[in-house]
Amino acid sequence: MRRRLLKAVALPGYQVPYASRELPIARGWGTGGLQVTLSLVGPCDCIKVIDQGADDSVNAANLRRFIARMTGVETTTDALQATLIQSRHRIPEERLREGQILVLQVPSPEPLLPVQPDLAKAREMHADADYALMWLSLYEQLVQYGTFTTGAEYPVLVHGRYLMSPSPIPRWDTPMLHQAAHVTLLAAGREKRLYAVPPYTDVYPLEFEDVHFRVESQQGRVCYQTGARHKLMNELPQPDGQVRYQLSDSGYATKLWQHQQGDTVTIGATYYDDAGNFYHRGYLKPDTDPA
Amino acid sequence: MAYVATRGGEQAMRHAEQFFRTLNGPVDTACIRLIQRHMPYLIDRIMGEASLYAPELAALALVQTGGDLYEAVLLLRAYRSTQPRLAYAIPIESEQTLTVRRISAAFQDVPGGQMLGPTLDYSHRLLQTELLDPTQAPPPRVPMPEADTAAPRHYQPVTTWQRLNGLLDAAPEHPPCDPVDIPDVTRQPVTFPAPRAQRLQLLARADTGGLLTLGYAGMNGYGITHPTVNELCLAYADVYLRNPLTGTPFSAGRVRISQAEIVTPFRGGEAQLGLGFAATMGWNEVKVIAAAMLDLEMDGPDPHPAHQEAFVLTHTEAVEASGFCIHYKLPHYVTFQSNLDSLRRAQTQASHRVPATEQNE
Amino acid sequence: MMPATSTTGAISSPIQTLLDPPRLVTRRPLLQTDGLLKRYGRVTAVQDVELRVYPGEMVGIVGESGSGKSTVLRLLNLQELPDEGSLILDLPGYAETNLFALDRFQRRMIQCQHIGIVYQNPYLGLRMQTSSSGNIAERLIMAGERTFQTMRQVARESLDASEFPLERMDDAPWQLSGGMQQRVQLARAIALRPLVLLLDEPTTGLDVSVQALVLDTLKHLQHELQPATVLVSHDLGVIRTLTDRALVMRHGRVVEHGLTDQILDDPQHPYTQQLVHARLS
């Protein structure tokens, strides 16, 4: 497992096959991420497990319980304190630092699957760096809908070489992988593939020169619990047809709330500031869907 | 939001499991023994899918999961993956198995004879409702009559005769091979096209229902319209190990195995019989027939998409398929939100778009 | 100009020595193959085929089904490799390179940037579920284009040049008639202004009236873009209408070649005579 991880780090974005043993957790429930986490945690580690951004989502709580039971490792909900974060579908809002490890659970590691269900052919396309069909699908989206229609799991090009599925993180999180200080390890248990984005590696979403990738709009959304803005929000339908918003990152929300109660908590710098600007200026380009 | 209940998650999960156990009543050793004793075919089925021959553990897994087969198989597989590999068994030939049931649909009679063995094939499918009545005495045990002549312990495979008569290609040469070198699907990821060893392992472990569905589609007009069961065997096979000191082979015990061969003429464009094969641990007749049929089908010149090797073998993986299916129960609200964002954007775009040709691009 | 017709049953000497270059051409040929040999199992599909095509010239290959003419086209399109033989295109940096010897990746780049092909069967040349304009955009994408409006613009120009109705440019080919599908194929083939254009029975199977219109478009484009074009057809009418020179193939070999008019009006080889006669009767 560790040898495979080293290989994955050495070839950013390349899917490394590994045996992927059966674990006492159902397949498709984070067994890939779990194997990575279990192969890396040591006695001094402190882990955080999240699902959809939440620490107490049932699956996150279950995995955290299992990891703690098997390894005796410390757990936390604070992204700053964690040395290793296992996550399903989200990256914390606070910037991760050098030395931290982010493990993302991956349901479908092959980004070419929507355009090439034959995995043997998809491997050949990766070998040739032949991603024309992906670009064509972007073209088709624009022709048909006037905008890119991909939701989460937006395909990215890593280190200018391999097309990679960033796992089903929202587009809001995709830029966080670019030139990040931390290492991101992605593992699919069912599909038996793992891959990595080493620290300070280029990660770019597929976009045209004149029609740009855009993140989910958080414009006008205010967290009803913390008053936070310009972070990824959960949309909560209300019985009266209205909607409320709540921070998706529960660990961050808890700290904001504690801070508002007058507790002393350390809140880290976030990827997006309170005006919604991403910390790598110029990485997110202006919104330019064809009229 | 109930299942992302703040702070309550861990306790809720513990209670949920407790609720399940309470609802299904207590289990004890006797109950496990009873299941192991009276449901051998169910035990065989999950041992085959789990690729772990351990009837007692299989019975335990069944009881522990309330009879949820997919969960039971997962329990066994997860247990299996923690076990050390102490030794590799010595490969044996079909002729060496102790066969209790052997039939061939291809000929009226075959060398060695047709042997029905233990089967419900020709029973009348009538529910014995009298067994439900506690006031009735249980039916008397009818002793199994002794045969006039003992059935043979070993049988010559039907393919031996077919090869002698030029109906089948000669069996491929297989140089002596150290079992350690056989690619093992539990230790190496599969890439397609898969080596034959991996294909047969995957078929042996595959979901019985999945193989039946795909195999049946093949029999029902989407493939070989009429496969012939060349040979179907239920047998006991000795697991031969080598004494680590002396190197002498010895039998460490017997396992139940099933094997099926399917033949069909003119397969692959040649005037020969095409042969498909499958085997599993445990007696799983439906499974091996469907699997052998699919083995043949996958090698066809242009198989139906649902009969292509990668399709069959990835989609009949019981633990992966069931795990992925139930993972959709997990919250997906972040991904769904992301989709909604794109959907709303497209709705806005659609409301003020002009046809392509009128655009001044 | 001397007559340029050979009647040897099996050509052993290169065409080059027998043919004067067309008068207008003083440079080397744009496309040049030598000693093509292709076998499928025990069947020899193509043998000893040598071909020179100059810029702006259209060369026809005539022959019945199974004569090897489509195989030649697949080889020229670099989509298959021959057992023997070479293909040289007069491209900067590749003028001395046998393209068959390049690796798969390089071959794909050359094919994408310099060769356009139109198949008789549109299913071979088009993505039926993708918009027509997307079929053209794909060529640009493969060549590295990443600007959406450029793709739209080139798609529009290429479709227009192929005389395709622009109001249908975003319809998928499966929604289009056969003649329109061929126009989309043609637009896709010429989108990058290729040096080599390969046409495999481009009008076969179309209604006669549609066929005439498509032939008209082809003629017009040939004149405008000046590619080196190889047209494969069993239809001598098409060959006469479009090509300058023609080769007659039978059993994988070239049995006769020369100026198209000469071959059709004064066939020398018995097989060609039979072909021409069959058409007249």
Provide, as a two-decimal number, the C-alpha radius of gyration of chain B over 2.2 N^0.38 Å, N being how many residues it has.
-> 1.26
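Under Stokes-Einstein, with the Kirkwood radius over Cα pairs standing in for Rh, what whole-number D in µm²/s applies to the stretch B:92-143 at 25 °C and 0.890 mPa s?
Value of D from the Cα-based Kirkwood radius: 164 µm²/s.
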How large is ³J(HN,Hα), in whole Hz, for each residue of the stretch B:175-186 in order, when computed from phi with the Karplus curve 6.51 cos²θ - 1.76 cosθ + 1.60 and θ = phi - 60°, using x for Gly and Pro?
-> x, x, 9, 6, x, 4, 8, 6, x, 10, 5, 7
Tell me, what is the percent relative contact order of the stretch B:2-80, built from C-alpha pairs under 8 Å that lie six or more residues apart?
-> 25
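Averaging the inverse of every distinct alpha carbon separation and then flipping it gives the Kirkwood radius. What is it for the stretch B:211-258, in angstrom units?
Answer for the stretch B:211-258: a Kirkwood hydrodynamic radius of 14.1 Å.
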Computed from every Cα-Cα pair in chain C, P(r) in 10 Å bins starting at 0 and rounded to whole percents is 7, 30, 36, 22, 6, 0
Beyond 18 Å, what share of the Cα-Cα pairs of the stretch C:151-204 is found? Please give it as a whole percent.
-> 27
Nonlocal amide H pairs with C:G116, under 5 Å, H built at 1.01 Å | C:V196, C:L197, C:L198
Using R₀ = 45 Å, calculate the FRET efficiency as 1/(1 + (r/R₀)^6) where r is the Cβ-Cβ separation of B:R37 and B:T228; round to 0.05.
-> 0.80
What size of dipole, in debye to the nearest 20, comes out for the protein assembly as shown about its Cα centre when the only charges are +1 on Lys and Arg C-beta atoms and -1 on Asp and Glu C-beta atoms?
-> 1900
Given charges of +1 on the Cβ of Lys and Arg and -1 on the Cβ of Asp and Glu, with all other atoms neutral, how large is the dipole of chain A about its Cα centre, in debye to the nearest 20?
-> 1020
Surface per residue (accessible, 1.4 Å probe) for the stretch A:233-277, Å² | 55
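Roughly to the nearest percent, how much of the accessible area of the protein assembly as shown is carbon and sulfur, given a 1.4 Å probe?
Carbon and sulfur: 55 percent of the exposed surface of the protein assembly as shown.
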Value in Å of the Kirkwood radius, where the protein assembly as shown supplies the Cα pairs that are averaged = 33.0
Acute angle (nearest 10 degrees) that the helix B:9-24 long axis makes with the longest principal axis of chain B, alpha-carbon atoms = 40
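What's the local net charge at B:P55, with K and R +1, D and E -1, over the other residues with C-beta under 13 Å away?
Cβ neighbours under 13 Å give a net charge of +3.
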When Lys and Arg each count +1 and Asp and Glu each count -1, what net charge do the other residues less than 14 Å away from B:D44, Cβ to Cβ, add up to?
-> +4
Excluding residues on the same chain fewer than 8 positions from C:K69, give the lysines whose Cα lies under 20 Å from its Cα.
-> C:K38
For the stretch C:221-261, with +1 on Lys and Arg beta carbons and -1 on Asp and Glu, the positive-most of C:L225, C:H257, C:V238 along the dipole = C:H257
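What does the helix-only formula give at 222 nm for chain C: each DSSP H stretch with n ≥ 4 adding -39500 (n - 2.57), the total divided by the residues, and the result rounded to the nearest 500 deg cm²/dmol?
One gets -11000 deg cm²/dmol as the mean residue ellipticity at 222 nm.
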What ranking of B:D302, B:D109 comes out by heavy-atom accessible area, probe 1.4 Å, highest first?
-> B:D302, B:D109
What number, in percent, do you get for the relative contact order of chain B if the mean sequence gap of Cα pairs under 8 Å and at least 6 apart is divided by its residue count?
-> 17
Kindly provide the Kirkwood hydrodynamic radius of the stretch A:88-194 in Å, to one decimal, from all pairs of distinct alpha carbon atoms.
-> 14.9
Run through all the Cα pairs of the stretch C:110-178 and give the fraction in each 5 Å bin from 0, expressed as whole percent.
-> 3, 16, 26, 30, 18, 6, 1
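At a threshold of 8 angstrom on Cα-Cα distance, excluding pairs fewer than six apart, so keeping six or more, what relative contact order does the stretch A:2-205 reach in percent?
About 29 percent, as a whole number.
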Quick one: angle between helix B:69-80 and the longest Cα principal axis of chain B, in degrees between 0 and 90, rounded to 10, please.
-> 80
Where does chain A land at 222 nm, in deg cm²/dmol rounded to the nearest 500, when only DSSP H runs of n ≥ 4 count, each adding -39500 (n - 2.57), divided by all residues?
-> -7000 deg cm²/dmol
Can you give the helix-only mean residue ellipticity at 222 nm for chain B, where every DSSP H stretch with n ≥ 4 adds -39500 (n - 2.57) and the sum goes over all residues, rounded to the nearest 500 deg cm²/dmol?
-> -11500 deg cm²/dmol
Beyond 37 Å, what percent of the Cα pairs of chain A remain?
-> 13
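Buried accessible area for the A:C pair, summed, 1.4 Å probe, in Å² rounded to 100?
Between A and C, the summed buried area is about 1600 Å².
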extent check for the stretch B:220-361: Cα max minus min per principal axis, descending, whole Å, gives 83, 46, 28
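Got a sec? What order do A:K285, A:K255 fall in by accessible area at 1.4 Å, biggest, i.e. largest, first?
Greatest to least solvent exposure: A:K285, A:K255.
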Size of the stretch A:175-228 along its principal axes in angstrom, Cα-based, largest extent first?
-> 40, 36, 26
For chain B, longest principal axis from Cα atoms; helix B:333-351 axis from its Cα atoms; angle between them, nearest 10 degrees, is 50
For the pairing of chain A with chain B, what total accessible surface becomes buried, with a 1.4 angstrom probe, in square angstrom to the nearest 100?
-> 4500
All alpha-carbon distances of the stretch A:233-277, grouped into 5 Å bins from 0, give the whole-percent distribution 5, 18, 19, 23, 17, 11, 6, 2
quick note, the protein assembly as shown, DSSP beta bridge pairs, % antiparallel (nearest 5) is 65
Which whole number gives the average count of other chain Cβ atoms within 10 Å of the Cβ atoms across peptide C:126-136?
-> 3
Quick one: Debye curve from the C-alpha atoms of the stretch B:2-80, no solvent, what's log10 I(q)/I(0) at q = 0.25 Å⁻¹?
-> -1.08
Total formal charge among the other residues, if their Cβ is under 9 angstrom from that of C:R74, Lys/Arg +1 and Asp/Glu -1 | -1
Any lysines whose Cα falls less than 17 Å from that of A:K192, other than same-chain ones fewer than 8 residues away, would be A:K7
Can you give the Rg to Rh ratio of the stretch B:194-280, both from alpha-carbon atoms, with Rh computed by the Kirkwood formula?
-> 1.10
Taking each residue of A:209-220 in turn, how many C-beta atoms of other protein chains fall within 10 Å of its C-beta, and what is the average?
-> 3
State to the nearest 20 debye the size of the charge dipole of the stretch B:211-350 about its Cα centre, where the only charges are +1 on K and R beta carbons and -1 on D and E beta carbons.
-> 560
Accessible area per residue of chain B at 1.4 Å probe, in Å²?
-> 59
Förster radius 41 Å - calculated FRET efficiency between B:D181 and B:M115 (Cβ-Cβ, nearest 0.05) | 0.70
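The values are calculated or read from the model by the stated rules, or taken from the named source; none is laboratory data. This structure is a prediction, so every number in the text was calculated from the model and none was measured. Please note: Cβ atoms are built from the backbone with ideal geometry, for glycine as well, and neighbour counts cover all protein chains shown. The accessibility values were calculated without ligands, DNA or RNA, using every heavy atom of the protein model including side chains. Shrake-Rupley method; radii C 1.70, N 1.55, O 1.52, S 1.80 Å.
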